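Have a look at the structure below, then the notes.
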C-alpha cells in the first residue's frame, strides 16, 4: 500500500479525511497480510520506530499484546471491515517499557469486491491527561499495577482485581510479595530488576496464587516508573491471564493423540509431543518439512485426509492409513483432519489428529484368536458352540459328517479338526467326490495295479493309502454313485480294501471326515444314498450355518481376508470403509464365505491402497439400488443412517419370514404394534397383498424397493 493508495482511499471513503489522517498525530498503514506498508514521522516518534526498518515488517511482531493493549480486538474489528473510533488503550515503549496512553482511530480498506485489503490506523498521545490515562487503566483487559521503590503496591486496576480476586483497597500499601507470592520475588523479581537497572522485561511466565489459593498462570511484563524529571520512583507491571492459552497448549502436549498443522503449501507448522512419540520425529526437525516427507503415508496425494478436508472445506474423520516412522516401521494410524481457518474465515492450512492403532491391531489379533479355531473365525453363537466341542471331536478317531451350503468352509473345518488331532503330523488328503466319474473316483480312492484297465501301465497308490495314519476328507460325499458307496461302506466297516486289479487286501488306517451340501437324510428316503453308509458316516455330525445367518462375522472375516491379501499382494490396504462394509452387511451371500473372499480379492485389484471403498466392490454392490423408500435419493455408497438401517432390517426380516409378522416380532424382539407402526412409517407392503390390492395401492412393494427381480442381488 502506497501514499497514492492512501490518497485514493481518502477520496473514496465516506467518513471525513480529518478523522483518519489529519487530526491524529501518528498514522501508519497495513496491507491485507498485516504488513506495515507506510508510517508518518509522528508515528516514528511516538512508537520509537524507524520507517526504514519497520516497513514490510509483520504488524503482530511490532504491536504485540504486551506492548499494545487490546490489539487483537482492534484486528478482529478491522478484519470484519468495521472502523475503530477513539479507542483508548496503552502503548508500552519497546525501548524502556514506559506506558503511553493513546487513542486509536482506524478504518479498514476494502478492495473492489469488498474484501479486506488493508487498514489505516491513527494514534493520538493522550498521556498528558491523567484522566485519560485513568480511563485507560480502568478499561484495559490486562492487569496493571504499580509499586514504589520499596515494592509496595500503589495502584491496582480493575483487570488486575478480576484476575487475582483482590480489591484495590485490599492491596494498596501491601508488598507485592504478599499478593504475587514467591514466583516473582528474590533474584527473579522482574519489578525489582526493572527498577534497579531501568530495564524493561517483557513476557515472563509465572504462576502466582489468587485470593482463593488457586494457581493462575500469567504472562507479566515490568518496567521502571519515572516522574517527569526522569527519576525512577517505582515500577509498573502488566500481566495477562494465560489459563485458557496454557490449558490449550497443555492439552495439545498431554493428549495421547498426535496433532500437527500444515500451511497451504503442506509444510508442517506445529507438531505436538505425541506426534513425536508416534513418528519418531523431533519437533524441530519436522516443522518446516512437507508432511509427506515426515509421514510417508500410503495415502499421500489425492487420498490425503488433510487435502480432502481443505478441498471440501469440512472435516474428514476416522480414516485408517499407514505411515512409516523414522526407523522405517509401518504403523497403522486412525486419522481425522479439518481445515485451519483464520479470524476472517479464510482457510490458511489444515490440522490433523492421529492415533497409533498398533495396540488396536494387537487387540484385534487377540480378539480374532478368541473368536477362532485354527483358521475358522466366528463370534456367532452357533459357531461358538461348534468351537466348544471341536477339541473333543478332534481327539477321537470317530467319523465326522460336515453339513452345510457350498462355500461355508467345510474343508477348512475338516483341516481344523485334523490339525487339532493326534494325527496332525500325518497327511491330510482331500478328495472332491462330485468332480470325478464313478470309475475314476474308485481308482482315485483305492488305487490300482498295472493292467487293471487300459492304460494302467503301472501301479498307482490310492487316496486311502496316501492318507495312511492321517485324515481323508471326502468332499461332496452325497454325489457318489451307489456302486462306490458299497465299496466305501466296506472300508468304513472293516478298515480294509483291495486296489483295482488286485486280490490283496490292504489295511486302512485313515480317519474319515465327509462333507456335503445335500440333505443326506432326504437322499436316503429317495434311495439315492445307502442308509447303512449314512449311519456309518453320521457318527459325529456338524452343521455349518450359512453366512447370511452369521452376519456378525462379516467384519471379522473381511478384516482377516484383508490381512491375508495384503501379505499376498504387498498392497498397503488397512481396512474396509464403513460405507463398503454396510453394503456387504446388507447382502445375503448365496455363495457364502467363498463369495465374500472373491469380493475382497476383486476389491484388492481395484483399490490402490488405504481403505476399500464402495467403488472398489463388484458391480452388484457399486451400482446397487437402495432397498427401501427412505433411500431413493441416498448417495451411492454413502453410510446409512440409523433410520435407514432400521428400515432395511425390518424389510429383510419380513422377506425372510414371508411376511409372517409374529415370526418377525420374535426375531427382532419388538411388539406387534411397533412392527405395524414401522411398516406404515417406512411404507412397506407384502407383494402378495399388493397383487390382490391392484395397481392403485398407495404403498411401495418390496419389488419396487429392491428393483426388478432380474436385478435383485
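Values in this text are rule-based calculations from the coordinates and carry no lab data. Please read all numbers here as calculations on a predicted model, not as lab measurements. With ideal geometry, Cβ positions are generated from the backbone for all residues, glycine too; neighbour counts draw on all protein chains shown.
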Original post:
Taking Cα centroids, how far is region 533-548 from region 451-498 in Å?
Top reply: 21
Original post:
Fully extended, how many nm does the chain gain between residue 111 and residue 519 (0.36 nm per residue separation, minus their Cα-Cα distance)?
Top reply: 138.7 nm
Subject >> Pair residue 440, residue 326: separation of 7 Å Cα→Cβ label points (nm) >> reply: 6.3
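What is the calculated FRET efficiency for residue 341 to residue 569, with r their C-beta to C-beta distance and R₀ = 51 Å, to the nearest 0.05?
Numbers: r = 40 Å, r/R0 = 0.79.
E(calc), rounded to 0.05, equals 0.80.
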**OP:** Return 311, 448 ranked ascending by Cβ neighbour count within 10 Å, so the fewest neighbours appear first.
**Re:** 311, 448
Original post:
Efficiency by 1/(1 + (r/R0)^6): what FRET value for residue 382 and residue 673, r their Cβ-Cβ distance, R0 = 25 Å, to the nearest 0.05?
Top reply: 0.20
Subject >> Label-point gap, in nm, between residue 168 and residue 83 - each point 7 angstrom along Cα→Cβ >> reply: 3.3
**OP:** Sort 300, 647 so the one with the fewest other Cβ atoms within 10 Å of its own Cβ comes first.
**Re:** 300, 647
Subject >> Computed label-point distance, nm, for sites residue 422 and residue 658 using a 7 Å Cα→Cβ extension >> reply: 5.0
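If I stretch the segment between residue 528 and residue 41 completely, what's the gain in nm (0.36 nm per residue apart, minus their alpha carbon distance), one decimal?
Using 0.36 nm per residue and subtracting the Cα-Cα distance, I get 164.3 nm.
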**OP:** Please report 63, 473 as a ranked list, fewest other C-beta atoms within 10 angstrom at the top and most at the bottom.
**Re:** 63, 473
